[in-house]
Structure formats: structure tokens, C-alpha cells
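Scroll down for the structure; my scribbles are underneath it.
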Amino acid sequence: MLQGVIAFIVKFIFECMVFLFMLRFILQIYKAPYFHPMILLLTNVTDRFVLPARRLLPVTVKRDYACILLAVCTLLIKYAF
């Protein structure tokens, strides 16, 4: 019983992270205003993951594909367990 609850919580956290990474990528495409409070919150939450990923996949042609890379990696980790 407890293992099922823990598995559900972990999968939920991974799904939320995928959603946040994809939302950040989409908002960058549509050039949402950076100083909007919700954008600042999203940036503060995801920066600790995105900034190290940018070393592997730098920003190209005004697109930050590090967010997509992190979303795919998060999904792979989620389905591996």
C-alpha cells in the first residue's frame, strides 16, 4: 500500500517537471514578458535544472532546446521505474 502511494507521488512529481519544462519552452517561443510574476516563478523553479543542461545543448537560433532535452530525459527516467 505504502509503495503504491510513494510510486504515485514520484510519478506525479516527474510529470509536473515535464510540464514545467515544456511550458518554459513554449513561453520562450511566444516571447512571454520575462518580468511577469508567473514567468519569474517558472524560471526560478526550472533554472536549477536548465542552466546545467545548457552546457550540453547551448541556445541556438533563439531557441532553448535544453528544456526539451530535460523533458525527454525526465520522461525516460519516469518510465524506467
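We did not get these values from a lab; they are worked out from the coordinates using the rules stated. As the structure is a computational prediction, the values presented were derived from the model and not from experiment. No Cβ is skipped: glycine too gets one built from the backbone with ideal geometry, and neighbour counts run over all protein chains shown.
Couple of notes before you dig in:
- When segment 48-81 is filtered for residues that are of a type outside the set (A, V, I, L, M, F, W, C) and within 13 Å of Met17 (Cβ to Cβ), the ones remaining, listed by number, are Arg48, Thr74, Lys78.
- Where a residue in segment 50-71 is in a loop (DSSP other than H, G, I, E, B) and its partner, wherever it lies, is small (Gly, Ala, Ser) and surrounded by 11 or more Cβ atoms within 10 Å (Cβ to Cβ), with Cβ under 7 Å and at least six apart: Leu57/Ala66
- The residue that is nearest to the chain's Cα centre (by Cα), counting only those in segment 20-39 that are in a helix (DSSP H, G or I) and loosely packed, with under 12 Cβ neighbours inside 10 Å, is Ile26.
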